[in-house]
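Enquirer: One structure follows; several queries about it will come next.
The values are calculated or read from the model by the stated rules, or taken from the named source; none is laboratory data. As the structure is a computational prediction, the values presented were derived from the model and not from experiment. Here the Cβ positions follow ideal geometry from the backbone for every residue, glycine too, while neighbour counts run over all protein chains shown.
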Ligand SMILES: Nc1ncnc2c1ncn2[C@@H]1O[C@H](COP(=O)(O)OP(=O)(O)OP(=O)(O)O)[C@@H](O)[C@H]1O
Ligand SMILES: [Mg+2]
């Protein structure tokens, strides 16, 4: 579904990613792990077209999205839940969702469905996003991305700073989407969460995609975690 | 009373001009030094439209009211796409670029329109005597003192400005394009990640900002005159208003325009225009020292 081939990118002249390749199939969860500063967020931003591609190719169902202007990447069907949520803080819950719905001109049934997944949001439609609790903000960030009916969903550390019940709620939604055939690219630091969710795990080290393994391999090979995560 | 009315006219036009500057700064983070020139262009185009169309002054004026802001807005949008976009909206370079734009517009106007100041006839202009209340022999009495009068046109300017400002407010808070502009303002990258063509939004905002300045100028040109250097004062006052009102805050900008416009009118009538400018500048300095986010600003710029 989503295929990233030997991309190089970074900030201005500072190159971060070097020949990174990965691919996610429909109905699959690929977890991306790596130390702080390894380049995980940079990889997500590059896929979304927010950082210029120095070289390489990014395709979605064969369509070249790597050369599209940033605003057309989302329209091609990639939903993005960024690190730190990045909601439109001064806008209300309803307005944040409306921006999501406008992206691909999703109909009202999409909104209804998304609000069914996150009933707490439907009680707070007219509340400004910045006044939501951390967990509610993460729900809204997720809901906003689901509003575009994504073929591929990219989540950058969605459980950072959340309590267990909230982590559970986000996880349920991710699993549900996978079962519906969405391709999921998940950046996650917590090993237990990755082991429970991932179909495959990719390790990023200093901007280079070092290895892609199965969760079984990760469970048995302690040296792997030591090397790539330092734990 | 008379001074307050003069002040209200100044405030009305100033509010339109400043709201344009504020919108551009708020959404794009661009300090548009050429804003006063878009104002001047509005006045000059109003003059050319009004003079080339014969007939009743109202026809020419009505045409100018539509044509001048649209032409100026399109010019500004074109300038945005050809110049500001090229330099990536880098804050320092946009200042330099808009200074360049200021001189280009000014000199081209000088070469084509010339150095004269030219008037535009108001579409209607009745003298209206104003009543005054005074404690007389039979108690409170209403009378019309000699010389206390305004023109219907000046009242119309105030009314038109209020209508346009309400329109801008409705656009920003109630419409889809307003929602898109605010999302772009709040987080440019996330706006793009949700399909918003940020560059097109910028061009539209820059055009609307310049168009509002031009509209203010069309309204003022029957009272003052169209002149190629007329952009300097509104630019300065708009900056003062935007700083006092809080960068990017629309209600703050309107209130500050009222404050500055009214005090400018009143002080200019009773003392001197120079004193009014000095006081306004002093106010800016005080605001910058004690409340850098502006009187009504919500966050640091
Ligand atoms: N805006 C930026 N400008 C320049 N360099 C940046 C910028 N953002 C990130 N970097 C650099 O790029 C590298 C990778 O950062 P990135 O945010 O992708 O890491 P990450 O793997 O997501 O880390 P974390 O786990 O902390 O989120 C880091 O060395 C960082 O300093
Ligand atoms: Mg990160």
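Enquirer: Is it the case that the stretch A:106-128 has a residue that's in contact with a helix residue (DSSP H, G or I) (Cβ under 6 Å, 6 or more places away or on another chain), within 13 Å of chain B (Cβ to nearest Cβ) and either closer than 22 Å to residue B:192 by Cα or assigned to a helix (DSSP H, G or I) (or both)?
Expert: no
Enquirer: Is it the case, given these coordinates, that residue B:195 is more than 10 Å from chain A (Cβ to nearest Cβ) and in contact with a helix residue (DSSP H, G or I) (Cβ under 9 Å, 6 or more places away or on another chain)?
Expert: So residue B:195 fails the test.
Enquirer: Across the stretch B:174-198, what is the number of residues that are assigned to a loop (DSSP other than H, G, I, E, B) and under 18 Å from residue B:77 (Cβ atoms)?
Expert: 2
Enquirer: For residue A:134, are the conditions met, namely being more than 13 Å from chain B (Cβ to nearest Cβ) and under 25 Å from residue A:50 (Cβ atoms)?
Expert: yes
Enquirer: Further question: Could you please find all residues in the stretch A:75-84 being at the interface with chain B (Cβ under 8 Å from one of its Cβ atoms) and within 16 Å of ligand 1 (Cβ to nearest atom)?
Expert: A:80, A:82 - these are the residues of the stretch A:75-84 that are at the interface with chain B (Cβ under 8 Å from one of its Cβ atoms) and within 16 Å of ligand 1 (Cβ to nearest atom).
Enquirer: Restricting the stretch A:139-161 to residues that are within 16 Å of ligand 2 (Cβ to nearest atom) and under 22 Å from residue A:191 (Cα atoms), which is surrounded by the fewest Cβ atoms within 10 Å (Cβ to Cβ)?
Expert: A:161
Enquirer: Tell me which helices (runs of 4 or more DSSP H) are completely within the stretch A:141-231 and hold 3 or more residues being touching a helix residue (DSSP H, G or I) at 6+ places or on another chain (Cβ under 9 Å) and within 29 Å of residue A:73 (Cβ to Cβ), or say none if there are none.
Expert: A:164-179, A:191-197
Enquirer: A further question follows. Output the residues belonging to the stretch A:171-203 that are over 15 Å from residue A:146 (Cα atoms) and either away from ligand 2 (no atom under 16 Å from the Cβ) or out of contact with any strand residue (DSSP E or B) (no Cβ under 6 Å at 6 or more places or on another chain) (or both).
Expert: A:189, A:190, A:191, A:192, A:193, A:195, A:196, A:197, A:198, A:199, A:200, A:201
Enquirer: Right, something else. Residues of the stretch B:229-263 being within 12 Å of residue B:294 (Cα to Cα) and in a loop (DSSP other than H, G, I, E, B), which ones?
Expert: Within the stretch B:229-263, B:246, B:247, B:248, B:249 meet the criteria.
Enquirer: Just checking, does the stretch A:143-155 include any residue being farther than 23 Å from residue A:107 by Cα and away from chain B (no Cβ under 14 Å)?
Expert: no
Enquirer: Follow-up question, since we're still on this one. Pull up the stretch A:16-64, narrow it to residues that are farther than 17 Å from residue A:6 by Cα, within 16 Å of ligand 1 (Cβ to nearest atom) and assigned to a loop (DSSP other than H, G, I, E, B), then point me to the one that is nearest to the other protein chains (Cβ to nearest Cβ).
Expert: Top of the filtered list is A:50.
Enquirer: Turning to a different aspect of this structure: Determine which member of the set A:97, A:91, A:87 is within 14 Å of chain B (Cβ to nearest Cβ), surrounded by 15 or more Cβ atoms within 10 Å (Cβ to Cβ), over 28 Å from residue A:19 (Cβ atoms) and touching a strand residue (DSSP E or B) at 6+ places or on another chain (Cβ under 8 Å).
Expert: From the options A:97, A:91, A:87, the qualifying one is A:91.
Enquirer: With the requirement that a residue be over 15 Å from residue A:204 (Cα atoms) and surrounded by fewer than 20 Cβ atoms within 10 Å (Cβ to Cβ), what does the stretch A:2-21 give you?
Expert: A:3, A:11, A:12, A:13, A:14
Enquirer: Still on this model: Find the residue count for the stretch B:173-192, including only residues that are more than 9 Å from every other protein chain (Cβ to nearest Cβ) and crowded, with 19+ Cβ neighbours inside 10 Å.
Expert: Within the stretch B:173-192, residues that are more than 9 Å from every other protein chain (Cβ to nearest Cβ) and crowded, with 19+ Cβ neighbours inside 10 Å number 3.
One line per residue, one yes/no per condition, for (1) farther than 30 Å from residue B:197 by Cα; (2) in contact with a strand residue (DSSP E or B) (Cβ under 6 Å, 6 or more places away or on another chain); (3) modelled with pLDDT of 90 or more:
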residue: B:78; (1), (2), (3): no, no, yes
residue: B:91; (1), (2), (3): no, no, no
residue: B:99; (1), (2), (3): no, no, yes
residue: B:126; (1), (2), (3): yes, no, no
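Enquirer: Sticking with this structure for a sec: Kindly list the number of the only condition in (1) within 13 Å of ligand 1 (Cβ to nearest atom); (2) touching a strand residue (DSSP E or B) at 6+ places or on another chain (Cβ under 7 Å) that fails for residue A:13.
Expert: The one condition residue A:13 does not meet is (2).
Enquirer: Mind listing whichever residues of the stretch A:179-196 are more than 16 Å from ligand 1 (Cβ to nearest atom) and surrounded by 19 or more Cβ atoms within 10 Å (Cβ to Cβ)?
Expert: Of everything in the stretch A:179-196, those that are more than 16 Å from ligand 1 (Cβ to nearest atom) and surrounded by 19 or more Cβ atoms within 10 Å (Cβ to Cβ) turn out to be A:182, A:183, A:184.
Enquirer: Still on this model: So, of the residues in the stretch A:65-74 that are facing chain B (nearest Cβ under 9 Å) and either free of Cβ contacts under 8 Å to residues at least 60 places away in the same chain or assigned to a loop (DSSP other than H, G, I, E, B) (or both), which turns out to be surrounded by the fewest Cβ atoms within 10 Å (Cβ to Cβ)?
Expert: The selected residue is A:69.
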